[in-house]
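This report refers to the structure that appears directly beneath it.
The values are calculated or read from the model by the stated rules, or taken from the named source; none is laboratory data. Model, not experiment: these values are computed from the prediction. Virtual Cβ from ideal backbone geometry, glycine too; neighbours counted across all protein chains shown.
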Amino acid sequence: MEKVLMRILYITQFFNPEPSFKGLKFAKDMQKYGHEFEVLTGFPNYPEGKIYTGYKLKPYQHEVLEGIAVHRVWLYPDHSGSVLKRIANYVSFFITALIAGLFLIRKFDAIHVAATPLNVGLVGVILGKIFNKPVLSDIQDIWPDSLAATGMLKNPKTLKFISYFCNWSYRNSKKITVISKGFRDLLVQRGVPENKIEVIYNWSGLEGVVPTGNHQLKYVENTFNVTFAGNMGKAQDLANVISVAKLLSKTHPEIIFNFIGDGVEKQEIMNLVAKEKLKNVIFYDRVTSSEVINYLEQSDCLLISLKKDPLFEITVPSKTQAYLSLGKPVISTVLGNAADLIRKADAGYIVEPADPHQLAEVIIKMSVLSKADLAQKGLNAKEFYIKNLSRQASLSKFSNTFNTMKD
């Protein structure tokens with residue numbers, strides 16, 4: 001039997017069968033690198049806030065998923081737009097995960113924590129302090145900045161309170177991984193030692209996924225399909241995209257806007273489309289990763305949309321890697337770090353956020369490119385992804401980072 005390099009407790013509020021980026025496959029990959037992984041998480045309820053079929057909400061449940069031990073604890077299931085209910089969701093998991101962790105942590109060498117949202121990060125760091133275990137905090141979102149940017153919280157005193165605990169968790173983490181150079185620079189500005197921070201780009205969640213099903217875009221003949229896939233929340237500023245659709249509805253009826261997924265803003269966006277009586281906007285239900293590939297591969301270009309906010313200029317939305325990995329041309333309203341990757345790849349165009357006229361112009365520009373030019377941008381995207389953002393490169397960096405935590 002091969003020697004285990006590190007025994008790691010992975011703490012995350014979201015895990016399979018929920019759609020989660022560093023989920024079951026990540027845990028299995030880390031085991032391939034020689035690390036023993038177990039997971040502490042909640043009962044699956046994301047994104048609808050309803051407990052998944054096959055699960056029953058209870059104080060604790062242990063299960064084994066494809067060889068990975070999973071410890072599930074009770075939480076208040078909710079993912080609505082209600083601030084109070086979301087707080088209840090976060091606080092309940094913090095309490096129950098912390099209690100369960102007190103009984104679990106002794107057998108592990110280290111803690112790997114999905115440090116955002118903050119409730120999860122605090123669980124890992126508190127357990128690390130109590131039991132003198134090194135903690136690797138994985139930062140996917142900068143709190144409280146992202147709360148303010150999305151409008152989830154606006155009270156300055158509350159944001160300051162959350163900021164204090166974020167900084168405390170950073171100080172008490174042995175290592176911190178971030179998904180962009182901008183995140184690293186911001187944490188350094190806030191006093192986190194640079195040698196504690198590793199930049200590990202997220203890979204595409206679609207990498208290695210085999211397409212299933214036969215999902216088809218509604219219109220594919222004599223059309224130019226612009227597709228947005230994923231969460232439809234406040235941060236995505238999809239009302240701006242609907243404004244573009246309205247601008248092009250009469251002058252360029254061949255340009256079709258496809259929205260695939262779900263989220264708290266979806267109904268409002270659908271109501272806006274109905275009010276404007278737009279025929280060039282099509283909505284599709286949320287589908288699995290293996291099913292969404294069918295839609296994306298039929299599309300002529302893929303759209304990344306976020307509202308204008310300094311925070312989004314230092315992040316790299318997961319769509320960036322996903323779209324590049326598929327080898328499709330990209331149009332993005334995200335500036336900064338994400339824009340740098342798309343420019344370096346020569347995979348598409350960058351547009352100022354919240355500027356429907358400029359976005360409309362760029363979509364028209366993309367739509368009149370020859371098939372050869374579109375194909376070349378797609379090829380550029382794929383090649384750049386393989387060289388710089390692939391899963392294998394990032395997993396190797398994670399494994400190496402765990403190994404440095406032994407001392």
Filtered residues of region 299-336 (kept if of a type in the set (S, T, N, Q), surrounded by 23 or more Cβ atoms within 10 Å (Cβ to Cβ) and in a helix (DSSP H, G or I)): 320, 321, 325
Cβ pairs under 9 Å, 6+ apart, first in region 58-84 and over 17 Å from residue 97 (Cα atoms) and in the same structural domain as residue 43 (by TED's automatic domain parsing), second assigned to a loop (DSSP other than H, G, I, E, B) and among the aromatic types (Phe, Trp, Tyr): 65/15; 79/46
Unmet requirement for residue 154, which otherwise passes all of (1) assigned to a loop (DSSP other than H, G, I, E, B); (2) under 20 Å from residue 287 (Cα atoms): (2)
Region 339-364, subset aliphatic (A, V, I, L, M) and touching a residue at least 40 places away in the same chain (Cβ under 8 Å), residue farthest from residue 223 (Cα to Cα): 341
Considering residues of region 203-217 that are at pLDDT 90 or above and either assigned to a strand (DSSP E or B) or among the polar types (S, T, N, Q) (or both) only, the residue nearest to residue 300 (Cα to Cα): 216
Region 29-41 residues that are in the same structural domain as residue 399 (by TED's automatic domain parsing), paired with ones that are of a type in the set (Lys, Arg) and not in a strand (DSSP E or B) (beta carbon under 9 Å, 6 or more apart): 29/391; 34/3; 37/28; 38/107
